[in-house]
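Here the structure is laid out as structure tokens; the discussion comes afterwards.
All of the numbers you see were taken from the coordinates with simple rules; none came from a lab. Remember, it's a predicted structure, so these values are computed and weren't measured experimentally. Because the Cβ atoms are built from the backbone with ideal geometry, glycine has one as well, and the counts that use them run over all protein chains shown.
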Amino acid sequence: MGKTFQEINEKIRTGEVVVATAEEIIDIVKEEGIKEAARKVDVVTTATFGPMCSSGAFVNFGHSDPPIRMNKVWLNDVPAYGGIAAVDAYIGATELSESRGLEYGGAHVIEDLVAGKKVRLRAKSYGTDCYPRLDVDTFITLEDLNQAYLFNPRNVYQNYSAATNTSDQIIDTYMGTLLPRCGNVTYSTSGELSPLLNDPEFRTIGIGTRIFLAGTQGYIAWEGTQFVRNKVEIEDGVTMYSGGTLAVIGDLKDMNTRYLRAASFARYGTTMFVGIGIPIPVLDEEMMEYLAVTNRDIYTGVVDYSVPKRSKPTLRRVNYEELRSGSIELEGKKIPTAPLSSLNRAREIANVLKESIERGEFFLQEPVQMMPTKREFKPLKDVGVE
């Protein structure tokens, strides 16, 4: 007998809900089996905390007197996109400061705002009859803004590749610094705790799903950019999933810098660590089978990032139990591995979300629309211009 979102929400309302984190459910299933675990547990919380470059924030500054149409905007010397409306702008996490370069960018501006710091706003205009002012130079805080909301076009990659470097030179990438001749392997996921690896078929996660987003309640707004469903049978009946992404939205004014942190990667630029937790309802036994996934069951590819092509060679398949052990075997050598994401912070988020549900402060939202079953990820049509 299955459960519904409505039935689980009623249990949350009455304080009868049973919640486990995605790590806790593994032991519950081992002890009690899939059938009993599915009957007993109502919600499983998942989480991740890692670098998510495709992030940013929409802000509304309010009108000056006389008013200005801001077509060029800078926040702490970081360009923001002003081609939206008179005093609206979007600042991307990876946009770089014009004065500080790779060490400071849009992610740092967003973190500074959430931290309550003053941020310098500069804006220029071409001037119009209805917006005659030509420039603004002032300081703002998050409290001064009318609206400020995080809108991240591509977060929570379902299963990102691990990275290494077969060349003779050090290379610096968005996967961190990669040492020569396969000197290290980096990866970025919380593995068995990761949201989209616990619902790989998107049975419960869709547009409208309520989530934990950087310290507050947010929502899945759409499929993430580059969304494509990949499901590959690799060995001994093991399935490898990858390609799912999420576009997420939430109120920046309610967020916390513990779960929203800027970072700079050497010779690459800036990014933002985003903490996201997703509660998954245990609808039936099939759902519990997905939720019981372990790091041993989850595979990814080790990719050679020294090849300057879109399609980089995969050197081997590896599971997350191996990656989390601290080293893997690659081409006859033992190679150290290191995560870019924080498992400890992901665990913290999963537990915060669990406790919030148990206290009746967080209810599940059934998707208003499911994710697409088919999407083609096409490369840039680079034909040149005559």
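Would you mind counting up the charge near Met371? Only other residues with Cβ under 12 Å from its Cβ, with Lys and Arg at +1 and Asp and Glu at -1.
Details: positive: Arg203, Arg229, Lys374, Arg375; negative: Asp199, Glu201, Glu223.
That sum, taken over residues with Cβ under 12 Å, equals +1.
Using alpha carbon coordinates only, what is the Rg to Rh ratio of the stretch 315-386, with Rh defined as the Kirkwood radius? Mind showing how you got there, number by number?
Numbers: Rg = 21.1 Å, Rh = 17.8 Å.
Result for the stretch 315-386 is an Rg/Rh of 1.19.
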Across Leu364, Leu197, Leu330, the residue with the highest GNM fluctuation in the chain (Cα network, 10 Å cutoff) is Leu330
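For the stretch 248-386, what number results from the quotient of the Cα radius of gyration and 2.2 N^0.38 Å? Kindly include the intermediate steps, with their values, before the conclusion.
Values: Rg = 19.8 Å, N = 139, 2.2 N^0.38 = 14.3 Å.
My calculation over the Cα atoms of the stretch 248-386 gives 1.38.
With viscosity set to 0.890 mPa s and temperature to 25 °C, compute the Stokes-Einstein D of the stretch 62-145, Rh being the Kirkwood radius across alpha carbon pairs; µm²/s, no decimals.
Details: Rh = 13.0 Å.
The calculation lands on 189 µm²/s.
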Cα centroid separation, the stretch 359-373 to the stretch 76-92 (Å):
31
Please work out how much length the chain gains when fully extended from Ala115 to Glu143, using 0.36 nm per residue of separation minus the C-alpha to C-alpha distance, in nm with one decimal.
9.0 nm
For the chain, the longest principal axis of the Cα atoms and the Cα long axis of helix 24-40 enclose an angle in degrees, to the nearest 10, of 80
The stretch 62-145 - percent relative contact order, Cα under 8 Å, separation 6 or more
32
Note: the stretch 215-328, point scatterers on Cα, Debye, no solvent; log10 I/I(0) at q = 0.15, 0.17, 0.23 Å⁻¹ equals -1.08, -1.32, -1.38
Please find, in a Gaussian network model of the chain (springs between Cα atoms separated by less than 10 Å), the residue of Tyr90, Tyr131, Tyr104 whose mean-square fluctuation is greatest.
Tyr131
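Please report, to one decimal in angstroms, the Kirkwood hydrodynamic radius of the chain built from all distinct Cα-Cα pairs. Can you show the working numbers first?
On the way: mean 1/r = 0.0448 Å⁻¹.
Result for the chain, one decimal place: 22.3 Å.
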Of the candidates Asp135, Asp199, Asp304, which one comes out as most mobile in a Gaussian network treatment of the chain with C-alpha springs shorter than 10 Å?
Asp135
Give me Phe5, Phe212 ranked fewest to most by other Cβ atoms within 10 Å of their Cβ, as a rough exposure proxy.
Phe5, Phe212
Excluding same-chain residues fewer than 8 positions from Lys253, which lysines have a Cα within less than 16 Å of its Cα?
Lys117, Lys118
Between the Cα axis of helix 343-358 and the main Cα principal axis of the chain, the angle (0 to 90°, nearest 10) is 80
Once you place label points 7 Å from the Cα toward the Cβ at Ser99 and Tyr174, how far apart are they in nm?
2.8
State log₁₀ I(q)/I(0) for the stretch 282-352 at q = 0.13, 0.16, 0.22 Å⁻¹ as given by the Debye formula over alpha-carbon point scatterers of equal weight, solvent excluded.
-0.56, -0.78, -1.08
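Relative contact order (percent) for the chain, with alpha-carbon contacts under 8 angstrom and 6 or more residues of separation? Show your work: numbers first, answer last.
Values: 983 pairs, mean separation 92.5, N = 386.
RCO, the chain: 24 percent.
Under a Cβ-only charge scheme (Lys and Arg +1, Asp and Glu -1), can you give me the dipole magnitude of the stretch 62-145 about the Cα centre, in debye to the nearest 20? Intermediate values should be presented prior to the final figure.
Details: 9 positive and 13 negative charges, 31 e Å.
The dipole of the stretch 62-145 has a size of about 160 debye.
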